[in-house]
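Working notes for the structure below.
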Amino acid sequence: MAGLLCKRRKKGVSDLQEEGKNAINAPMNPSAVDIHPEDTLLEENEERTMIDPNSKEDPKFKELIKVLIDWINDVLVEERIIVKQLEEDLYDGQVLQKLLEKLADRKLNVAEVTQSEIGQKQKLQTVLEAVHDLLRPHGWTIKWNVDSIHGKNLISILHLLVALAMHFRAPIRLPEHVSVQVVVVRKREGLLQTTHVTEELTTTTEMMMGRFERDAFDTLFDHAPDKLSVVKKSLITFVNKHLNKLNLEVTELETQFADGVYLVLLMGLLEDYFVPLHNFYLTPESFDQKVHNVSFAFELMQDGGLKKPKARPEDVVNLDLKSTLRVLYNLFTKYKNVE
């Protein structure tokens, strides 16, 4: 990799610039639900909610649950806690307590084991108050409470976990735009009434992270997907012009930058310096090593005068094309004339 030292030569790339710039700025009945007997045991004006069975079979809904369960088990691996079903394993507050303590690196003043319903709800109250203290200042809407979590309401549990995952920048990729049909059963004047509502569990990663400003890439993906290949071709031409000096070539942006190696090497080429090999993993094997590489590349970008990338390192590692394109386009705009 000694060839990473390179000399700069100036040559116009206006055609490439215009092609990419122009592409970036281009304009742009509820089903029947079976009501179980226990759901009819309601007091007057009481209501109960349940997920439409069809929604439970939605692949994105299933993916959301799997990603969250895998994340919890990964965080709590040292606690020897294994979550298999969110409703059954999180309702009593024990797992939520351990999860929050691990994520926030703080100890909660609660009893370790609580068998009674009153004790469980007291623990939940303490845990949720700590969660709310963390989330409210960042504008999160609280869509859960002690009763809904203890009542094994999966929708409430999912809202809580999504908020925690986003707040603590979990190294996971939540599926975007996950919604479910919820059946609301109310008892009025002795009769059961059912209505259907759509409950949104996730939006986009940017919005859930609190980044509500949209950019040209949001417009590109939403309204001009036909221009996407033009943008990708422009960026591939740009990165290969430099990586070819090391006999490296990129053909797939989302996969070949995911481990961070090419990003680090590219920064050395663009800024004309050698990157010591002990600063990054040349052949990363784990997710954490890949995240380290991308994070290190982001630091090099900031050292070079670029703003902190809008994308998260975890998103690049998780093959999120939009995040990778944002990072590369920022490099393109600054270094388009570097030879």
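Brief remarks follow.
- Across the cross-link table entries 233/290; 102/322; 102/123; 84/322, which are compared at the Cα atoms, the separations over 28 Å belong to 102/322; 84/322.
- Potential lengthening between residue 111 and residue 79 on full extension [0.36 nm per residue; Cα-Cα distance subtracted]: 9.9 nm
- Overall shape: oblate for region 96-139, with the ratio a/c of the largest to smallest alpha carbon gyration tensor axis at 1.5 or above and b/c at least equal to a/b.
- Sorted peptide list for 168-177, 310-319, 42-51, criterion being average Cβ within 10 angstrom, highest first: 310-319, 168-177, 42-51
- Overall form of region 216-336 per C-alpha gyration tensor (a/c, 1.5; a/b vs b/c): prolate
- Within a straight-line Cα-Cα reach of under 28 Å, residue 187 can be paired with the following lysines, leaving aside sequence neighbours fewer than 8 residues apart in one chain: 56, 121, 143, 152.
- Phi to ³J(HN,Hα) by Karplus 6.51 cos²θ - 1.76 cosθ + 1.60 over region 293-300, Hz, x for Gly, Pro: 4, 5, 4, 5, 4, 4, 5, 5
- Heavy-atom accessible surface of region 293-339: percent carbon and sulfur, 1.4 Å: 45 percent
- Cross-link pairs beyond the 26 Å C-alpha cut-off, checked among 66/98; 245/334; 66/227; 232/308: 66/227
- Ranked by the mean number of other Cβ atoms within 10 Å of their residues, highest first, the peptides 181-191, 260-270 fall in the order 260-270, 181-191.
The values are calculated or read from the model by the stated rules, or taken from the named source; none is laboratory data. None of the values given here were measured: they were computed from a predicted structure. Note: ideal-geometry Cβ built from the backbone for every residue, glycine included; neighbour counts use all protein chains shown. Just so you know, the surface numbers come from the protein's heavy atoms only, side chains and all, with ligands and any DNA or RNA stripped out. Shrake-Rupley method; radii C 1.70, N 1.55, O 1.52, S 1.80 Å.
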